[in-house]
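Data block below; observations after.
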Amino acid sequence: MPTSPKHAAVVRMTATLAVAVLALTGCGSSEPAAAPQSSASAATGFPVSVQHKYGTTEITAAPTRVVTLGLSDQDPVLALGVVPVGAIDWFLERPYGKWPWAQPLWAGKAPEIVGERDDYNLEKVAALKPDLIIGLYSGMKKDQYEKLSKIAPTVAQPVGFDDYAAPWQDMTRLAGKALGKEAKADELIAGIDARLAKLAADNPSFAGKSVAVVEPYEPGKYAVFAPSDPKVVLLTKLGFTVPQAVVDAAGKEYAAEIGSEQLSLVDVDKLVFLTADAQTEPTVKADKVYGTLAVAKENRAVFLPYEEPPVGAALSFSTVLSIPYALDLLVPLLAK
């Protein structure tokens, strides 16, 4: 995993990395989410059996002390009304996932940091006396799972996906089941689906237009994300389409790595760049090959920063909390 947003795209290619809390129900303008409730409130159906990569975990009662070990697991847990007592660092610049879309839901209760990425400090985890450990968006190994399971019931990665590749909906549902809040998880997912449908209907100009999502990770080098990437999937939900040339270039990978000489691949109707810092956009615009593209000449490219505001990070994070934040900032840019 990267130590800064600058390397997010490269890590996504090699490690299948998918990177103002907003109301997740309804289709209109977003509103602040409600403050977290007690983790036991509105939790039902216990005991529950939760299937995951390493087997089935039984949770006998509504968890009250939850430790999240996945790099974005805090988001669905917070969205479901539970404040984790322990969490993992994502970027060192954003301790415990302290992004603007999630920060209000922490309600000033900073969790204990129990490790970085997939390096868990078992002593710190045990000291928190958790009654549930969640590691959905993680690279948790079987031996780590077995050790963690001796501390508390542990739910590992979702079944049927590579590590870091499960869709946000699957992770939200799995967190909901573990917390006894399946109905709430379904409600949150349905709210985002409804909002995407309304945005697509409100922006008919998006329909059928070609799109590509690209990260310039070095001067003259670009990562072109595959249609299976969550960022691209979100854009297709808005009505955009991915050109067959991009599909073919990515193949079975999460992104195609190309040089400047191949930039004609992304001469699309709307080109979305993820920018690591203030120099990325001018560097791209200075690329002589890029300047020959119609998308550049007609100013149809959108540059999304990871910081200030972190719309690129929200799009990359791709969680039940970050997606509404990303949509608020992204859709007006796409509609220009």
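The values are calculated or read from the model by the stated rules, or taken from the named source; none is laboratory data. Because the structure is a prediction, the values reported are computed rather than measured. Cβ coordinates were reconstructed from backbone atoms using ideal geometry, including for glycine residues, and neighbour counts include every protein chain displayed.
What to note about this one:
- Residue identified as over 18 Å from residue 79 (Cα atoms), surrounded by 15 or more Cβ atoms within 10 Å (Cβ to Cβ) and not polar (S, T, N, Q) among 175, 200: 200
- Consider the range 108-122 and keep the residues that are touching a strand residue (DSSP E or B) at 6+ places or on another chain (Cβ under 7 Å) and not in a loop (DSSP other than H, G, I, E, B). The one that is surrounded by the most Cβ atoms within 10 Å (Cβ to Cβ) is 114.
- Test: residue in the range 279-297 that is modelled with pLDDT of 95 or more, among the acidic types (Asp, Glu) and within 26 Å of residue 100 (Cβ to Cβ): yes
Yes/no per residue for (1) surrounded by fewer than 19 Cβ atoms within 10 Å (Cβ to Cβ); (2) closer than 24 Å to residue 325 by Cα; (3) of a type in the set (S, T, N, Q):
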position	(1), (2), (3)
136	no, yes, no
144	no, no, yes
161	yes, no, no
182	no, yes, no
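- Residue among 79, 87 that alone is in contact with a strand residue (DSSP E or B) (Cβ under 6 Å, 6 or more places away or on another chain) and surrounded by 24 or more Cβ atoms within 10 Å (Cβ to Cβ): 87
- Top-ranked residue in the range 213-250 [being over 18 Å from the mean Cα position of the chain (by Cα) and under 18 Å from residue 323 (Cα atoms); ranked as surrounded by the most Cβ atoms within 10 Å (Cβ to Cβ)]: 240
- Residues that are part of a strand (DSSP E or B) and loosely packed, with under 15 Cβ neighbours inside 10 Å within the range 256-299 comprise just one, 259.
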